[in-house]
1. Can we say Ala11 is modelled with pLDDT of 95 or more, part of a helix (DSSP H, G or I) and out of contact with any Leu (no Cβ under 6 Å at 6 or more places or on another chain)?
2. Among (1) modelled with pLDDT under 95; (2) exposed (fewer than 13 other Cβ atoms within 10 Å of the Cβ), which single condition is Leu52 missing?
3. Anything in the range 5-33 that is surrounded by fewer than 13 Cβ atoms within 10 Å (Cβ to Cβ) and touching a residue at least 12 places away in the same chain (Cβ under 8 Å)? List them, or say none.
Amino acid sequence: MPTARTFLTVAEAAELLRVDTSTLYRAIRAEEFPAVRIRARYLIPTKVIDELVDDAIASANTPAAAGVLRRPA
């Protein structure tokens, strides 16, 4: 899911991730989520979102997850 822009605002990233902006701000301040700070504003590199999606898809393809994702016969 490549994105066209280089950076997203916290509100845009939170919307994509379907979390509240305050949740994302807390994760950024706790250094649990990468962001670039420019004065008082945080920006999220779109590459971070893309890698997060790729990692989630890759982990869903593990043998353990395959049993969860498999539809019942």
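The values are calculated or read from the model by the stated rules, or taken from the named source; none is laboratory data. Everything numeric in this text was worked out from a predicted model, so none of it was measured. Here Cβ is always computed from backbone atoms with ideal geometry, including for glycine, and neighbour counts include all displayed protein chains.
1. yes
2. (2)
3. Selection gives Arg5, Thr6.
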